[in-house]
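Since the structure comes first, as structure tokens, the remarks are kept for the end.
The values are calculated or read from the model by the stated rules, or taken from the named source; none is laboratory data. Nothing here was measured: the structure is a model prediction, and the numbers come from that model. Cβ: placed from backbone, ideal geometry, glycine included. Neighbour counts: every protein chain shown. Ligands, DNA and RNA are excluded from the accessible area calculation, which covers all protein heavy atoms including side chains. Shrake-Rupley method; radii C 1.70, N 1.55, O 1.52, S 1.80 Å.
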Amino acid sequence: MKNSVKAVCGVLALVSAFGFTGCKVGGNSGAIKLTVWVSEADKAFATSVAEAFKTQHPDKQYDIVIDIQGENDVATRVLNDVENAADVYSCLSDQMSKLINGDALTRIAGERLTRVSQANSKDSMDSVTVSVKGEDGVYGMPYTDNTFFLYYNKSVLTETDVKTLDGILSKCSANKQFAYPMADGWYSSAFYFGKGLGYKVTYDDNLAETSIECDFDNTTGELVTDAMWQYVKDSRFKADANDSKITAGFNDGSIVAAASGIWNRTTIEQYLGENFAAAKLPTYTLNKGKSNEEQVQLTAFAGYKLMGVNNYSKNKTDALDFAEFYTNKENQVKHFEARGFVPTDEEARADAKVQADVCARAITAQLSHSKTQKGVPTTLWIPMEGLGTAMITGKQSGNFNLASQLKACVDAIEKTAK
């Protein structure tokens, strides 16, 4: 039977030039097809949104395909074949320049832009606003922030303990540690940001980086790095942490507090049960034991997740409609209920369920001590990973040359204009 169908299609294909219509096996040829890429954890939610979107548009027939694509590397997949990539995709705000440069994001405009801008927070809208050839434009629709905060076991730590890193460590031991992913620049940069250090990136008209400056290795930066090194050497501080080690540690009790994001909430809460708690990140001690000792607030990256629309979508208006529907107030509340994602929509964020949630409160508090993840050097991540790894290795060997390691890190981050 299949061979017969193929034969008929083959004949029709040969004569299509004479005005005949081709043959399609299965599917609804009259439907508007939209392909949507989301993370694996969001597939069920996105599928429910797609069904609701169809119900909201009874005058049209939609064929919406929900596919899985991790948000961390969605830009790479899109740009590999932008003309055949998804119509709508979830991505992170720090990937926008690359996507815009590849002509892969549609600019939001008109009444739609007014609706999206009025609904969402100022910071989230700033994260999706990019200057292209001197003109600011909005290229995505935000729906949640992407930052990290503190999870802790409240049977071990009090609300007072978790205000400072030293307070947390005072209740820890080599067998009950505080976990902080020091070999990940997304986390370790929080020490530098807390003291006002950072970077400056210059772009050309095509959004390509022409120069990068970084001051992590100035006098203050050296003091910050020394504070980090002192913590890494502490047996109560688990510096080689990552998501799997953190969740496993909360499960077996070897970790009592950790810096992580909302994506680990369900697992950690399951393990801690009634002892589950969250707060903003603690302060750390700079110049410990000296006359100029001070507490410095860990200042996290605050990225944002957004729905972008492919500039090459064959059904761009429908794709924009779907992206706006996916990120509207009602669906941001539902997304919070499903995944714990704190809404960027101001009315959704004011919802009683959001306001009462312990992680939502922790994230809101942390956002007051954050750096918007925008204009981040593409060169930042690998050198920062190397610096953290050198500390972890140094803890084992007893040797960490702070000055040379820090200089090598910053040298690798910086780029001089040609």
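Within the chain, what whole-number % of the accessible surface is contributed by carbon and sulfur, with the 1.4 Å probe and all protein chains included in the calculation? That fraction is 48 percent.
Peptide packing: for 72-83, 258-269, the average count of neighbouring Cβ atoms within 10 Å per residue gives the ranking 258-269, 72-83, highest mean first.
The largest accessible area among Glu274, Glu293 belongs to the first residue in Glu274, Glu293, and the rest follow in falling order (1.4 Å probe, all chains). On full extension, the segment bounded by Arg115 and Gln270 gains 52.0 nm, given 0.36 nm per residue less the C-alpha separation.
The GNM of the chain, with springs linking C-alpha atoms under 10 angstrom apart, assigns the highest mean-square fluctuation among Asp166, Asp123, Asp59 to Asp59.
Between Ile68 and Thr389, the modelled labels are 2.7 nm apart [label points 7 Å from Cα along Cα→Cβ].
Tell me which label goes with the value of Cα extents along the principal axes in Å computed from the coordinates here: [x] 87, 57, 46; [y] 57, 55, 45; [z] 97, 51, 42. Among [x] 87, 57, 46; [y] 57, 55, 45; [z] 97, 51, 42, the one calculated here is [x]. For the chain, the relative contact order is 23 percent, taking Cα pairs closer than 8 Å that sit 6 or more residues apart in sequence and dividing their mean separation by the residue count.
Each part reduced to its alpha carbon centroid, segment 233-258 and segment 136-200 end up 13 Å apart.
The angle between the Cα long axis of helix 219-233 and the longest principal axis of the Cα atoms of the chain comes to about 90 degrees, rounded to the nearest 10.
So if I take the centroid of the Cα atoms in segment 304-319 and the same for segment 35-102, what is the distance between those two points in Å? Segment 304-319 and segment 35-102 have Cα centres spaced 8 Å from each other. Assuming a ≥ b ≥ c are the square roots of the Cα gyration tensor eigenvalues, decide whether segment 294-347 counts as rounded (a/c under 1.5), prolate (otherwise, with a/b larger than b/c) or oblate. The shape class here is oblate. Dipole magnitude for segment 267-341: computed about the Cα centre from +1 point charges on Lys and Arg Cβ and -1 point charges on Asp and Glu Cβ, it is near 260 debye. For the chain, the longest principal axis of the Cα atoms and the long axis of helix 402-413 meet at an angle of about 20 degrees.
Looking at the chain, the DSSP beta bridges with both ends there are about 65 percent antiparallel.
Peptides 408-417, 141-150 ranked from most to least packed by the mean count of surrounding Cβ atoms within 10 Å: 141-150, 408-417.
Tell me the label-point distance for the pair Trp263, Asp136, using the 7 Å Cα-to-Cβ offset, in nm and rounded to one decimal. Here the answer is 3.0 nm between the modelled labels. The residues of the chain present an accessible area of 46 Å² per residue when probed at 1.4 Å with all protein chains retained. Annotation: extensible slack from Glu293 through Thr158 equals 46.2 nm (criterion: 0.36 nm per residue apart, minus Cα-Cα distance).
Averaging the sequence gap over all C-alpha pairs within less than 8 Å and six or more residues apart, then dividing by the number of residues, gives segment 307-418 a relative contact order of 14 percent. Measure nothing fancy, just the Cα-based angle from helix 358-367's long axis to the longest principal axis of the chain, in degrees from 0 to 90, nearest 10. Result, in degrees: 80. With the highest mean first, a sort of the peptides 391-402, 34-45 on other beta-carbon atoms found within 10 angstrom per residue produces 34-45, 391-402. Checked against a 22 Å cut-off, the cross-linked pairs Lys163/Lys200; Lys200/Lys415; Lys334/Lys374 give Cα-Cα distances beyond that limit for Lys163/Lys200; Lys334/Lys374.
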